[in-house]
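Down below is the structure, laid out as structure tokens.
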Amino acid sequence: MNQGQPDLNYELYKLKQSFNRNKKAFVPLIVALLLAVGFFTSYYTVEPDEEAVVIRLGRYLDTTQPGLHFKIPFGVDRVIKVKTKIVHQEEFGFRTQSLDTRRTTYSSRNLDEESLMLTGDLNVAEVQWVVQYQISDPFKFLFKTSEPVRNIRDVSESIMRRVVGDIMVTEVLTTGRVGIAGDAKQLMQEVLDKYDMGVLIRSIKLQDVNPPKKVQASFNDVNAAKQEQEKMINQAEQAYNKVIPEARGKAKKLVSEAQGYAQAVVNRAEGDADRFSEIYREYIKAPAITKKRLYLETMEELFSKLEDVVIIDSKVKGLLPVFGKGITNEK
Amino acid sequence: MKNSFKFILFLVVALLLVGSNSFYILTEGQQAIVTQFGKPIGKGTTEAGLHFKLPFMHKVRYVDKRILSWDGSPNQIPTRDKKYIRVDTTARWKIVDALKFIQTVQNERGAKARIDTILDGHTRDVISSHNLVEAVRNSNQILENLERKKELVQEKKQKGEVADAAVLEVEEEVSGEIEKIQLGREQLSELIVEKADEELKALGIDLIDLQLRRISYEKSVEEKVYDRMISERQRVAQKIRSIGKGEKAEIEGRLAKDLNKIESEAYKKAQLIRGKAQAKATAIYAKSLTKAPDFYEFIRSLEAYKKSIKKDSKFILSSESEFMKYFQ
């Protein structure tokens, strides 16, 4: 062997020794690190309002429910969590500005483009609405379309215009609301189903539905005119109702009075007739004397009542001056 | 020993390099084309998962498999009836032939430019060769509803169930002429899709649908439309008011008529009752008195004296009168 060789060998040996010594400390460290990373990336939790889509080497494996789950670490399994229980909301023609203040504030600035639409009679209406949806299939939601939310917005705008486009402006503004929301929901779901994007429309709600600002006053005027019309008719009806029942009552009174009078006249006639008949019956038995008696009795009664009776002897002439001087002859 | 260690290290690194280059992972929502020195191999992969390839020689190009959105910029297009509108469209499309797609447009950006020209052109063609209503309405539902409503009102009117106000309400809703449509909104979009489909097929693209997202009047037209709406509303308001006045006058007329009728009828009835009673009384008197007219005359005269001569009347009695017969 060489003289210098052992030195070199020795040096090499020493180096190896130290490397081995270092390796002995190094390897467990790396292994421990790998184990730790593997451990911490081998499980995941799904929150109660979520579902998780598991992708293994790029391929869809499973959709997991809320709870603790395991997966293969080091990027073999990829987990994407999707909020499936939450009802998501998209706003059209306005935006909720703040939910922090006591009263929710909205903004509709510069959203005319979104809310103005043509109605079936080629007028314009301003419609604001809300679409509420839920993710019914998280895998489809993630991988069937590139921009699911934008699809929802585009389709909703298109469908709302289609539905409103088939109705008159007056109907859109008044009675059509419920029908519009229902039709839009159904049609929208049909289109989204065609994309098979795993979205379920929960509801479409119309918010403010107005004529464009410029024409609003004239629409209000029509309403005012309707009110006025009703008021006028009511006033006239009121006058009618005030006069006619009273007149009917008065008419009934008039008739009743006539009926009363009729009864009285007939009764009186009958009474008189009966009385006459009675008297006559007795009179006929002794006509001369009865006649006399009746005459005298009447005269007696009559004259006794009078305060001023003058008896003129037919033999006295030129009596006239006596009159007027208040000469009274007491009986 | 040293050499073998180095060799093993080299082998491991080499294997890792080759190994990692001999497969590729295709994620869901993606498809891929494998090329060998630029030349495409096979028809492309659409299945997600782990796939093998020749290391270094094969390259993988990925494209989207999902439904993609296209948003057109709003266009000003005159319709066939010379109405200027802004048409805003969106579309959904899909890469169905990845190879063709890569060859013709390379990537999504390239595709967008081509789709822009194709769809904008066809949209312009279709919109400008149809009347405005065809792009607004989807059916003749309005006309059918109106017809039905009118019939209903007419029917009721014949039965005398509704007043004129209800007839007006139907008329009021209709502002201007409601034109009948032939195709409608959905069919116009389908027409655009149909025309664009072939051109897009050549690019490896399948057009799923095209939505007429927004159709609005041009700003200058908008003002005129608003003015028309205002004048229409004014006309309606005017009509409603005048109907109100008419109804009021009608009710007032009815009031006068009914009042006169009630009063005169009551008078008539009362007079008749009185007359009948008087007639009856006359008959009663006549029947009873004709038995002894002279006696009646006598007795009634006496009664009349009693009643007609008042307490403060002056009375001059002749001594020759019957009453004074015994006075002399």
Query raised in the report: Anyone know which of B:Leu146, B:Leu191, B:Leu54 comes out most mobile in the 10 Å Cα GNM of chain B?
Result: B:Leu54
**Report entry** Difference of contour (0.36 nm per residue) and Cα-Cα distance, A:Leu33 to A:Glu301
**Finding:** 81.4 nm
Query raised in the report: Tell me, in nm to one decimal, what length is gained between A:Leu12 and A:Lys252 on full extension, where the rule is 0.36 nm per residue of separation less the Cα-Cα distance?
Result: 72.3 nm
Requested in this report: Compute the label zone of B:Phe52 within the range B:5-19: residues whose backbone N is under 13 Å from the point 7 Å along Cα-to-Cβ.
Outcome: B:19
Report summary line: Residue-normalised 222 nm signal for chain B, counting each DSSP H run of n ≥ 4 as -39,500 (n - 2.57), nearest 500 deg cm²/dmol, is -19500 deg cm²/dmol
Query raised in the report: Using the Cβ atoms and a cut-off under 10 Å, what net charge is assigned to the surroundings of A:Ala239, where Lys and Arg are +1 and Asp and Glu are -1?
Result: 0
Requested in this report: Return the average number of partner chain Cβ atoms within 10 angstrom of each residue Cβ along peptide B:64-76.
Outcome: 3
Report task. Taking H placed 1.01 Å from N in the peptide plane, check which residues at least 5 places from B:Asn140 or on another chain put their amide H under 5 Å from its amide H. Result -> none
Report summary line: Sequence order, the range B:218-223: Karplus ³J(HN,Hα) from phi using 6.51 cos²θ - 1.76 cosθ + 1.60, θ = phi - 60°, Hz rounded, Gly and Pro as x, gives 4, 3, 5, 6, 3, 4
Requested in this report: Measure off 7 Å from each Cα along the Cα-to-Cβ vector at A:Glu113 and B:Lys276, then give the distance between these two points in nanometres to one decimal.
Outcome: 8.7
Report summary line: Exposed-loop cut sites defined as trypsin sites (Lys or Arg not before Pro) in DSSP loop states with at most 14 other Cβ within 10 angstrom; longest site-free run of chain B spans B:181-290
Report task. Select from A:Gln263, A:Gln134, A:Gln65 the residue whose mean-square fluctuation is largest in a Gaussian network model of chain A (Cα-Cα springs shorter than 10 Å). Result -> A:Gln263
Requested in this report: Could you pull out the chymotrypsin sites (Phe, Trp or Tyr not before Pro) across the range B:1-35 that fall in loop regions by DSSP (anything but H, G, I, E, B) with no more than 10 other Cβ atoms inside 10 Å?
Outcome: none
Report task. Provide the FRET efficiency to the nearest 0.05 for the B:Asn3-A:Asp49 pair, computing r from the beta carbons and using R0 = 60 Å. Result -> 0.50
Requested in this report: Using θ = phi - 60° and the Karplus relation 6.51 cos²θ - 1.76 cosθ + 1.60, list the HN-Hα couplings for the range B:271-277 in order, rounded to whole Hz, with x at every Gly or Pro.
Outcome: 4, 4, 4, 4, x, 4, 5
**Report entry** chain A, helix-only ellipticity at 222 nm - DSSP H runs n ≥ 4, -39,500 (n - 2.57), divided by all residues, nearest 500
**Finding:** -18500 deg cm²/dmol
Query - Over 18 Å between alpha carbons, listed pairs B:Lys43/B:Lys112; A:Lys231/B:Lys150; A:Lys144/B:Lys65; A:Lys292/B:Lys325 - result: B:Lys43/B:Lys112; A:Lys231/B:Lys150
Query raised in the report: Once amide H atoms are built 1.01 Å from N in the peptide plane, which residues 5 or more positions from A:Thr145, or in another chain, come under 5 Å H to H?
Result: B:Ile67
**Report entry** Nonlocal amide H pairs with A:Tyr106, under 5 Å, H built at 1.01 Å
**Finding:** A:Gln97
Report task. For the range B:101-118, take each phi angle, set θ = phi - 60°, evaluate the Karplus expression 6.51 cos²θ - 1.76 cosθ + 1.60, and give the result in whole Hz per residue in order, putting x for glycine and proline. Result -> 4, 5, 5, 8, 10, 6, 9, 5, 5, x, 5, 4, 4, 5, 4, 3, 5, 5
Report task. Report the label-to-label distance for B:Glu320 and A:Ile311 in nanometres (one decimal), using points 7 Å from each Cα along the Cα→Cβ vector. Result -> 1.7
Query - Paired Rg and Dmax values of the range A:88-211, which use every Cα atom, in angstrom - result: 14.9, 43
Report task. Report the longest stretch of chain A that contains none of the chymotrypsin sites (Phe, Trp or Tyr not before Pro) sitting in a DSSP loop with at most 16 other Cβ atoms within 10 Å. Result -> A:75-322
Query - 22 Å tail of the calculated P(r), the range B:176-286, as % of Cα pairs - result: 73
Report task. Multiply the residue gap between B:Val60 and B:Asn145 by 0.36 nm, knock off their C-alpha separation, and tell me the result in nm, one decimal place. Result -> 24.7 nm
**Report entry** Lys, Arg +1 and Asp, Glu -1 on Cβ, resulting dipole of chain A about Cα centre, debye, nearest 20
**Finding:** 740
Query raised in the report: How do B:Ile33, A:Ile30 rank when sorted from fewest to most other Cβ atoms within 10 Å of their own Cβ?
Result: A:Ile30, B:Ile33
Requested in this report: Give the cross-link partners of A:Lys315 among the aspartates and glutamates, using a straight C-alpha distance below 17 Å as the criterion and excluding same-chain residues fewer than 8 apart.
Outcome: B:Glu320, B:Glu322
Requested in this report: In Å and from the alpha-carbon atoms only, list the Rg and Dmax of chain B.
Outcome: 52.6, 199
Requested in this report: Once you've got the GNM for chain B with C-alpha springs shorter than 10 Å, pick whichever of B:Ile77, B:Ile102, B:Ile284 has the biggest mean-square fluctuation.
Outcome: B:Ile284
Query raised in the report: So how do B:Ile215, B:Ile273 line up by other beta-carbon neighbours within 10 Å, fewest first?
Result: B:Ile273, B:Ile215
Query raised in the report: Among A:Thr119, A:Thr63, A:Thr105, which comes first, second and so on when ranked by fewest other beta-carbon atoms within 10 Å?
Result: A:Thr105, A:Thr63, A:Thr119
Requested in this report: Between B:Asp71 and B:Val221, take the C-beta separation as r, use R0 = 25 Å, and let me know the FRET efficiency to the nearest 0.05.
Outcome: 0.55
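Rule-based calculations on the coordinates, nothing more; no lab input. Here the structure is a predicted model, which means the values were calculated and not measured. Reconstructed Cβ throughout: ideal geometry from the backbone, glycine too, with neighbour counts over all protein chains shown.
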